[in-house]
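To start, the structure under review is shown below, and the notes come after it.
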Amino acid sequence: MARVCIIGGGTAGEEVASETDMRGAHVTIVEKRHASEPPWRSWPELISRSPTKEGFLTRRRASSPNVLNAEACAAGTGYVALSGGDRLRFDSVIIATGVRFEAVTLLGLRRAGVFILDGAEKYVELRRVCASLDGAVVVGEGYRGLEVFDRLWSRGVKVRLIISYWQREPPSPLVLEVIEDVARENGAEIQTGDVSRVVGNGGVEAAVVNGSVVPCDAVVVTPPRAPNPARAAVKLSQAGAVEVDWGMRTSAPSLLAAGGCAELKGCAWGSGALNSEPCLSGRVAGSNCVGSGHAIGSTRVEEVRVLGLHWSRIGGRAARGAFDNQEETVSRRWGSECACSITHQRLSERVLRVECIQPSGSSPAGLPPLGADVTLEALAFGLGLSDISPISDTARLGLREWQKS
Ligand SMILES: Cc1cc2nc3c(=O)[nH]c(=O)nc-3n(C[C@H](O)[C@H](O)[C@H](O)COP(=O)(O)OP(=O)(O)OC[C@H]3O[C@@H](n4cnc5c(N)ncnc54)[C@H](O)[C@@H]3O)c2cc1C
């Protein structure tokens with residue numbers, strides 16, 4: 001029976017465990033946290049409802065003696081060293097140590113009413129005060145910001161979202177325009193920029209947004225994230241993540257990595273960071289550490305639900321290079337709540353990415369099957385659409401424009 005060690009019992013670690021359990025391995029989890037995460041796939045959900053079930057680690061601890069409350073200080077082929085001094089031997093080791101949040105610099109951030117969202121407990125705290133909030137300013141990363149904005153808005157808080165940057169490729173301008181319009185119709189506001197300081201007498205009374213004073217009683221910050229790999233003799237990427245191939249293997253034999261601490265080597269789609277794909281990368285790592293030959297597939301799928309809309313994108317950005325000017329995008333808006341954008345590369349005649357925003361209610365996207373590349377037939381499924389006509393109509397218009405040019 002293969003002896004497998006997973007360092008980190010978070011989102012990716014959970015998937016690795018279920019995959020390796022299924023394949024009959026003897027699994028040990030090394031996790032430094034004592035408390036377990038609530039069983040939600042997304043922390044913003046904690047703003048809308050309280051967790052009622054137990055998280056993965058709590059369930060795992062109850063059923064298996066092989067969850068060690070310890071910090072791994074080093075890992076290599078065949079071993080994991082714990083900070084207490086023990087050195088344990090395994091056939092395979094998977095590093096799934098996630099991300100860390102970077103420090104936030106903002107004048108006045110120590111005031112009561114400022115929430116830096118760097119852990120599940122901060123989202124729970126936000127839920128507790130939600131009912132008493134009149135107005136909140138949410139500032140920071142775009143995708144996380146949209147989710148937090150949506151959950152606060154659905155709880156009746158008047159929210160203004162300030163997007164300072166996007167940690168991944170931003171949505172196309174037309175998609176953003178739809179979101180901004182729907183927000184305005186609902187009495188909320190979305191703009192790009194920054195908050196330079198929080199002001200108030202004791203608690204929060206206002207935020208200085210792009211130089212203007214905006215009254216509010218809470219400022220919610222979504223901080224930047226960076227990879228947090230366990231120390232190991234493996235090749236790291238420029239961003240400091242563990243470099244992995246499409247099968248989640250690192251440069252050291254029998255040492256794999258998944259989730260936020262890992263990055264795809266030589267990814268054809270710009271950054272290969274796997275922070276937004278902890279589940280899929282965890283499943284691939286889990287199956288490959290016991291001898292399977294799965295790959296993550298070259299197509300990235302992302303989605304966000306906001307203000308009753310469902311935004312999804314399939315594909316990515318081609319690596320920077322000589323053919324940058326060969327990228328062309330055709331975008332169309334279909335009514336007030338729907339837009340579609342298709343980007344292709346003229347030279348290769350390849351569709352690089354398709355994104356769509358529509359009222360939600362369509363079936364959820366789900367994960368593409370292991371090892372599968374998403375083809376055009378799988379596009380509608382991947383994007384979670386019940387109606388694929390905005391894509392086909394946009395493609396037809398794009399084709400006509402292309403033939404004219
Ligand atoms: C239920 C759940 C919901 C989440 N929702 C969000 C969210 O909405 N927004 C967000 O930004 N992030 C969220 N996270 C964190 C999120 O999963 C990661 O940011 C990211 O998605 C990658 O997942 P991961 O498994 O790689 O990392 P994580 O889920 O963060 O798991 C990493 C685990 O490794 C452990 N660890 C780290 N270093 C060591 C070490 N040296 N030794 C032992 N253990 C170690 C950590 O304690 C942690 O439990 C969530 C995590 C969970 C579990």
Requested in this report: Measure off, as a whole percent, the carbon and sulfur share of the 1.4 Å-probe accessible area of the stretch 114-222, all protein chains present.
Outcome: 46 percent
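Output the peptides 71-80, 182-191, 246-255 sorted from most to least packed, where packing is the average of other Cβ atoms within 10 Å over each peptide's residues. Write out the running numbers ahead of the final one.
Values: 71-80: 18.3, 182-191: 15.7, 246-255: 19.9.
By packing density, highest mean first, the sequence is 246-255, 71-80, 182-191.
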Query raised in the report: For the charge dipole of the stretch 114-222, defined by +1 on Lys and Arg C-beta atoms and -1 on Asp and Glu C-beta atoms about the Cα centroid, which residue among Val129, Val214, Gly193 has the Cα displaced farthest towards the positive pole?
Result: Val129
Query - Cα-based Rg / Dmax (Å) for the stretch 114-222 - result: 13.2, 41
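Please give the net charge around Val178, taking every other residue with its beta carbon less than 12 angstrom from that of Val178, where Lys and Arg add +1 and Asp and Glu add -1. Mind showing how you got there, number by number?
Details: positive: Arg184, Arg332, Arg333; negative: Glu177, Glu180, Asp181, Glu185, Glu337, Glu355.
Net of charged neighbours comes to -3.
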Query raised in the report: Which distance in Å, rounded to a whole number, links the C-alpha centroids of the stretch 158-215 and the stretch 44-72?
Result: 33 Å
Query raised in the report: If you count, for each residue, the other Cβ atoms within 10 Å and average over each peptide, how do 216-223, 335-342, 5-12, 99-106 line up from highest to lowest?
Result: 5-12, 216-223, 335-342, 99-106
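Solvent-accessible area per residue for the stretch 114-222 at a 1.4 Å probe radius, Å²?
Details: 4430 Å² over 109 residues.
For the stretch 114-222, the per-residue accessible area is 41 Å².
The values are calculated or read from the model by the stated rules, or taken from the named source; none is laboratory data. Nothing here was measured: the structure is a model prediction, and the numbers come from that model. Note that we place each Cβ from the backbone using ideal geometry, even for glycine, and neighbour counts take in every protein chain shown. The protein model used for the area step is the full one, side chains on, heavy atoms only, and it has no ligands, DNA or RNA in it. Shrake-Rupley method; radii C 1.70, N 1.55, O 1.52, S 1.80 Å.
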